[in-house]
1. Hand me the chymotrypsin sites (Phe, Trp or Tyr not before Pro) from segment 1-110 located in a DSSP loop with no more than 12 other Cβ atoms within 10 Å, in residue order please.
2. Just the accessible area for Val126, please: 1.4 Å probe, Å², rounded to the nearest 10?
3. Sorted by accessible area with a 1.4 angstrom probe, largest first, how do Arg105, Arg128 fall?
4. Taking a quarter of the surface of the convex hull around the Cα atoms of segment 67-106, what do you get in nm²?
5. Accessible area of Asp53, 1.4 Å probe, to the nearest 10 Å²?
6. Keeping the other protein chains in place, figure out the carbon and sulfur percent of the accessible area of the chain, with a 1.4 Å probe.
7. Cβ under 11 Å from Ala14's Cβ, Ala14 left aside: what net charge do those residues give with Lys, Arg +1 and Asp, Glu -1?
8. Averaged per residue, what accessible area in Å² does the chain show with a 1.4 Å probe, protein chains only?
Amino acid sequence: MPDRSKTPSTLAQAVLRGLACKCPRCGQGKLFGGFLDVVPACNKCGLDYGFTDPGDGPAVFIILFAGFLVVFIALIIEVKYEPPYWLEALIAIPMVLAATLLPLRSAKSLLIALQYHHRAAEGQLVDRGPR
């Protein structure tokens, strides 16, 4: 687990730092080196990001949200304007790409910040001995 001796953050600070894609401890260092590649450590406070493991969580949340949004808009367009299928595809494909790729980085950063704030870690088996 990471060292939490510096700058304890509130939940609001953790959310804001996550949405800004900044270090969950200091709020100043960069979290990403590429589009979704987490850097090994904060370049400002030195926090080791080895604890981060958002997994597929951000993608699942984004897919569920974007799926609802895109299908809702596509149904409205279909019912109101009845465009040909090729035009619907021409409208839907950029909409799907924008609705999934644009918020993905912030969602991953938010889950990492919340993981840091709540001290989330992998579950561990405890030997309780005979009963």
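The values are calculated or read from the model by the stated rules, or taken from the named source; none is laboratory data. For clarity, every value in this text was computed on a predicted model and none was experimentally measured. Methodologically, a virtual Cβ is constructed for each residue, glycine included, from the backbone with ideal geometry; neighbour enumeration extends over all protein chains shown. When the accessible area is computed, the model is the full protein with side chains, heavy atoms only, and any ligands, DNA or RNA have been set aside. Shrake-Rupley method; radii C 1.70, N 1.55, O 1.52, S 1.80 Å.
1. Passing sites in segment 1-110 are Phe35.
2. Ignoring ligands and nucleic acids, Val126 comes out at about 110 Å².
3. Greatest to least solvent exposure: Arg128, Arg105.
4. Answer in nm², one decimal: 2.7.
5. The accessible area of Asp53 comes to roughly 110 Å².
6. Exposed carbon and sulfur together represent 65 percent of the surface.
7. The answer is +3.
8. Per residue, the chain has an accessible area of 69 Å².
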